[in-house]
Amino acid sequence: MLFTVTVEVMPKDSVADPEGATIARSLDALGFPGVAQVRAGKVYQLSLEVPSEDVARSTAQDMAGKLLANPVIELATITTIARIDVAGVR
Amino acid sequence: MTTRVAVLTFPGTNCEFDTVKALNRIGCDADLVWHDTRQLNGYDVLVIPGGFSYGDYLRPGAIARFSPVMQAVEEFASAGGPVIGICNGFQVLTEAHLLPGALQKNISLRFVCRSVRVKVETVRSSLTRMASKGQVLSIPINHFEGNFTCDDTTLEMLEEEERVVLRYENNPNGSVNDIAGICNSMGNVVGIMPHPERASDEMLGSTDGLILLESLCSVSR
């Protein structure tokens with residue numbers, strides 16, 4: 001079975017995020033009111049050929065822990081898991 | 001006996017020749033060692049030079065960490081052998097968990113390339129044993145991700161155990177406690193952001209990096 005798993009990697013709250021802070025300042029400079037904070041992260045979409053959703057989840061978690069995120073400064077979250085049929089339609 | 005240094009190279013490394021040249025200048029034998037090597041027998045010192053290993057994809061050092069040579073690096077380090085990471089090499093060593101913390105984007109979000117003044121904070125590391133505590137060195141930095149960060153407990157430990165090796169006089173990148181370089185608890189594994197090989201000849205404007213390389217190469221078989 002083919003699954004699409006989305007992994008979101010964000011800087012930890014305790015870690016400074018210069019990229020997010022710069023984007024926030026830029027939005028403010030562009031005239032968007034009320035930008036209290038921006039945090040910038042990355043999103044990975046994995047297509048996994050695995051036997052079940054549970055395996056897709058645990059595999060993605062393992063990948064996030066070993067490579068996709070640096071646990072010292074980042075937090076990885078699996079945000080969606082979707083099964084894809086052979087024709088590529090959900 | 002002449003010290004033998006392995007200068008490890010990954011796809012995207014770009015400071016390896018400068019590093020070899022600087023090491024040769026102080027009388028070391030230095031070989032370029034490609035990252036697919038699995039054994040490092042016969043070397044006294046390992047250097048992971050600067051550059052952009054694997055194009056800095058994902059995070060600097062994140063992919064180099066899984067190169068075949070890294071297993072041998074870990075074994076060499078745990079046996080007490082001197083392992084130095086310069087700039088991208090420092091990033092590789094943190095990703096490989098041979099050093100604590102991580103290197104984030106500079107607080108300014110700008111690539112910084114200039115000479116900085118750094119103070120030697122300990123002489124109990126393989127890179128500073130011939131320097132003097134408090135000695136100030138002028139050495140170039142050249143990085144986008146040199147902003148050292150770690151949790152408070154780690155920071156306290158690094159300071160208490162005198163594992164901050166070099167500290168910036170004027171913080172160029174937002175590093176916690178102005179940290180420019182740290183070492184492991186044994187002092188044999190050191191990571192620094194400044195490039196000593198770029199301060200190894202009068203022609204380059206400074207020879208302050210030589211004391212670091214000479215310290216490193218003062219080990220003999």
Do any residues in the stretch A:48-74 that are small (Gly, Ala, Ser) have Cβ atoms under 9 Å from those of residues that are assigned to a helix (DSSP H, G or I), where the two are at least six apart or on different chains, and which pairs are they? A:Ala60/A:Leu68
Can you report the number of residues in the stretch B:78-111 which are within 14 Å of chain A (Cβ to nearest Cβ), among the aliphatic types (A, V, I, L, M) and buried (at least 16 other Cβ atoms within 10 Å of the Cβ)? 8
Tell me which of these A:Pro51 doesn't satisfy, since it passes every other one: (1) modelled with pLDDT of 95 or more; (2) assigned to a helix (DSSP H, G or I). (2)
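Could you run through the stretch A:1-32 and say how many residues are of a type outside the set (Gly, Ala, Ser), closer than 29 Å to A:Thr59 by Cβ and within 14 Å of chain B (Cβ to nearest Cβ)?
Final tally of qualifying residues: 9.
Yes or no, residue by residue, for (1) more than 15 Å from the chain's Cα centre (by Cα); (2) away from chain B (no Cβ under 13 Å); (3) hydrophobic (A, V, I, L, M, F, W, C):
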position	(1), (2), (3)
A:Lys42	no, no, no
A:Glu49	yes, yes, no
A:Ser52	yes, yes, no
A:Ala60	no, yes, yes
A:Met63	no, no, yes
A:Ala69	no, no, yes
A:Val72	yes, no, yes
A:Ile78	no, yes, yes
When only residues in the stretch B:151-209 that are part of a loop (DSSP other than H, G, I, E, B) and at pLDDT below 95 count, which is farthest from B:Gly61 (Cα to Cα)? B:Gly205
Of the conditions (1) surrounded by fewer than 23 Cβ atoms within 10 Å (Cβ to Cβ); (2) touching a Lys or Arg at 6+ places or on another chain (Cβ under 8 Å), B:Ile182 satisfies every one except a single condition; which number is it? (1)
Complete set of residues in the stretch B:95-122 that are closer than 19 Å to B:Arg65 by Cβ and of a type in the set (A, V, I, L, M): B:Ala96, B:Leu98, B:Leu99, B:Ala102, B:Leu103
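The values are calculated or read from the model by the stated rules, or taken from the named source; none is laboratory data. Note that the coordinates shown come from a computational prediction; the quantities given were computed from them, not determined experimentally. Methodologically, a virtual Cβ is constructed for each residue, glycine included, from the backbone with ideal geometry; neighbour enumeration extends over all protein chains shown.
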